[in-house]
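Read through the structure below, which is laid out as structure tokens, and then see the notes.
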Amino acid sequence: MTQNAFPRLESGIPGLDEMIQGGFPFPSVVLVAGSAGAGKTTFAQKFLFEGAEKGEQGLYISTLSEPAQWMLRYVQQFEFAKQEFYGKEVVYYDMGTALRNSTGEQLLQMIDDKVAEIMPQRIVIDPITVVGTMMKDDYRVFAFDLVTRLKNWQAVTLLTGEVRPGELYPAEISYAVDGVVLLMLSDEGDARRKYIEVLKMRGTNHITGKQSVDITTKDGVVVLKARF
Amino acid sequence: MKCVNSVMYRTDDLRIPGQSICLRTNYDNISNAFISPNLYECSNWIVGLRMNERDLKLAEEVGSHIQANGSSAIYILTTKYTNLVRTNLVLLKAFLDMKTKRGMMITIDRPHQYISHLLQLHGIDQAKLQFIDAISNHASDTKVSPNAEAFESGPFYIETLPDFIMSCDGRDPESKVDMSSTEFILMDNVSTLLTYNTMENVKIFFSRYVGVLKERSSASLATLIVMDRDLHADLYSFISPFAKKIIEISTDMKVGNVVESRSPTSVESTPSANGPAASDRSGSGPQTRERTGEM
């Protein structure tokens, strides 16, 4: 690494780091977008547990009002999700309820406070698009302010975004982030295949084009083929 | 008054009659919140979430390794780049809150408003902290943090930064910051200079910087440098012989090896970017160093 190269944080997704020069730029805000079932949450969880293995602090912010134990039950199927990290290196925070009762500024303050308390190097907000559904007209301003604040933190933040039919990625937030990773489902004959594509990654000479992925209980999302 | 998940207290309950304030907290347990000591300077609402226990413990431990009452000295804290800001915060907690020292922060990596905001979130009193902001000229957010003691927009070019620091000696009525009473200086962070400058220029800067500090500061000034020695090994090799003590902070935020130099290199002996004797630059510590702590 040259003296002024971006420090990078390994994603933990087998095959992805080779596509993005070793990992996500640190610090940065990256949007992981995809349709339902494409693997966004699995991707985000692996990212956090990868950091936990390295002694880094992770914070998972759920916008879905799911009880934490529900999320833990789901995550436990994956071998990488070691129980000893729960509540320590990987902290879960549910802001779903607050989402319904708070203004954008209040939500930003809540996130700020939680990040200040935990001081994570890895942050996940899953999914960010739910906030858009709740906030409607104010969402674009909120998204811009959120990303601006997150860029100030010394962390890599993954925002997961659900895409609507016919939409490639959530446009309201993609313009503000440093990177966009797409997870896609594609009907091919009788099969439904999964792909990943790095659409944008600032400061990174990334591999372009769709790469096949699989989801395994051992590693979560795995990039099956990368062209170099 | 803005409140988020807050618990409202009448100030009578807090023995501060005449005002209503808001303790802003996301915690269920209000005991995790606290009251800032400089209440009246915080207008009518008090913000403060206590720093987490792990970082508090680290602040105490790091503070015990840095005695700022003796002669001026440089202290290097090595940590992974992912923990640079966190370590800065721990140091500020130790010096501003625990030791109640008067400090100066030179910000290069990010505008001073950011660290000021962080300090506010952690309830660390900034009344004794001055900022020289060398990056603010390039930042869109130019408002001055209201919490700090003083702020000065410093020059972006490192050729002139040492001279600028030198000018902040309290004699210039135009200068908003005053180094004469400063007890510690923290730079956020020296490695960032490599983003904008060559290594040779950074070495020259550092030599001049330390020289200026020595010439202009009070008798006991702790210069605190936080850096990732693996990521910037060359710069670390240059700077480390100047240090009185090198404190390793592990990835999980614990004090690791503490290496103390009996005779750190003096500034006067390194007039050029070539720095001190090359044989005395290894990260593992030369013969003149002694280990004072273990993981």
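Every read-out reported here was derived from the displayed coordinates using simple, explicitly stated rules and does not represent laboratory data. All of these numbers come straight from a predicted model, not from anything done at the bench. Positions of Cβ are backbone-derived with ideal geometry, glycine not excepted, and every protein chain shown enters the neighbour counts.
Along the charge dipole of region A:1-111, which of A:Ile61, A:Asn101, A:Gly51 sits closest to the positive end, that is, farthest toward it, with unit charges on the beta carbon of Lys, Arg, Asp and Glu (+1, +1, -1, -1)?
Selected residue: A:Asn101.
With Cβ to Cβ distances under 11 Å as the rule, what net charge do the other residues near A:Thr216 carry (K, R +1; D, E -1)?
Every neighbour counted, the sum reads -1.
What FRET efficiency do you get for B:Ser180 and A:Phe144 if R0 is 45 Å and r is their Cβ-Cβ distance, rounded to the nearest 0.05?
Working: r = 43 Å, r/R0 = 0.95.
Using R0 = 45 Å, I get an efficiency of 0.60.
Filter the GluC sites (Glu not before Pro) in region A:126-197 down to the DSSP loop ones having no more than 14 other Cβ atoms within 10 Å, then list what survives. It would help to have the intermediate numbers written out before the result.
Numbers: sites: A:Glu162, A:Glu167, A:Glu172, A:Glu188, A:Glu197; in loops: A:Glu167.
Loop-located and lightly packed - A:Glu167.
Treating the beta-carbon of each Lys and Arg as +1 and of each Asp and Glu as -1, no other charges, what is the dipole magnitude of chain A about its Cα centre, to the nearest 20 debye? Let's see the in-between values first.
Numbers: 24 positive and 29 negative charges, 72 e Å.
Dipole size: approximately 340 debye.
Which residues does a label at A:Glu167 reach in region A:32-61, if reach means a backbone N under 18 Å from a point 7 Å past the Cα toward the Cβ?
A:32-41, by backbone N distance to the label point.
Tell me the net charge near A:Pro25. Cut-off is 10 Å between Cβ atoms, A:Pro25 excluded, with +1 for each Lys or Arg and -1 for each Asp or Glu.
Working: positive: A:Arg8, A:Arg202; negative: A:Asp178.
Computed value for this residue: +1.
Tell me, what is a quarter of the convex hull surface for the C-alpha atoms of region A:100-228, in nm² with one decimal? Display every interim value, and only then the final one.
On the way: hull surface 40.4 nm².
Projected over every direction and averaged, the Cα hull of region A:100-228 covers 10.1 nm².
Can you classify region A:8-223 as rounded, prolate or oblate using the Cα gyration tensor, where a ≥ b ≥ c are the square roots of its eigenvalues, rounded means a/c under 1.5, and otherwise it's prolate if a/b beats b/c and oblate if not? Before the final figure, lay out each step's value.
Working: a/c = 1.34, a/b = 1.17, b/c = 1.15.
In terms of gyration-tensor shape, rounded.
Hey, can you grab everything whose amide H is under 5 Å from the amide H of A:Leu9? Only 5+ residues off in sequence or another chain; H modelled, so Pro and N-termini drop out.
Those qualifying (amide H under 5 Å, at least 5 residues apart or on another chain) are A:Phe24, A:Phe26.
Enumerate by residue number the chymotrypsin sites (Phe, Trp or Tyr not before Pro) in region B:175-248 meeting two conditions: DSSP loop (anything except H, G, I, E, B), and at most 15 other Cβ atoms within 10 Å of the site's Cβ. Don't jump to the answer; show the numbers that get you there.
Working: sites: B:Phe184, B:Tyr196, B:Phe205, B:Phe206, B:Tyr209, B:Tyr236, B:Phe238, B:Phe242; in loops: none.
Counting only loop positions with at most 15 other Cβ atoms within 10 Å, none of the chymotrypsin sites (Phe, Trp or Tyr not before Pro) in region B:175-248 qualifies.
Taking the number of other C-beta atoms within 10 Å as the exposure measure, put A:Asp214, B:Asp163, A:Asp126, A:Asp190 in order starting with the fewest. Don't skip to the answer; put the middle values down first.
Details: A:Asp214 14, B:Asp163 11, A:Asp126 24, A:Asp190 5.
Fewest to most other Cβ atoms nearby, the residues stand as A:Asp190, B:Asp163, A:Asp214, A:Asp126.
Of A:Gln121, A:Gln77, A:Gln21, which is the most mobile in a GNM of chain A whose springs link Cα atoms less than 10 angstrom apart?
A:Gln77
Within 10 Å of each Cβ in B:84-95, how many Cβ atoms from other chains are there, averaged over the peptide?
Values: counts 2, 7, 6, 1, 1, 3, 1, 0, 0, 0, 0, 0.
Partner Cβ neighbours, averaged per residue: 2.
Under 5 Å between amide H atoms, partner at least 5 residues away or on a different chain: which partners does B:Leu77 have, H built in plane at 1.01 Å?
B:Ile225, B:Val226, B:Met227, B:Ile247
Among DSSP beta bridges lying fully in chain A, give the percent that are antiparallel, nearest 5.
Numbers: 19 of 46 bridges.
Around 40 percent of the beta bridges assigned by DSSP in chain A are antiparallel ones.
I'd like the FRET efficiency for B:Ser220 and A:Asp214, computed as 1/(1 + (r/R0)^6) with the beta carbon distance as r and R0 of 51 Å, rounded to 0.05.
Working: r = 61 Å, r/R0 = 1.20.
That gives a FRET efficiency of 0.25.
Please compute the average number of Cβ atoms from other chains found within 10 Å of each residue's Cβ in peptide A:56-63. List each step's numbers first, then the result.
On the way: counts 5, 8, 0, 0, 0, 0, 0, 0.
For peptide A:56-63, the averaged partner shielding equals 2.
Once phi is turned into θ = phi - 60°, what whole-Hz ³J(HN,Hα) does the Karplus curve with 6.51, -1.76 and 1.60 give for every residue of region B:180-187, x standing for Gly and Pro?
Listing the rounded values in order: 4, 9, 6, 9, 8, 10, 10, 10 Hz.
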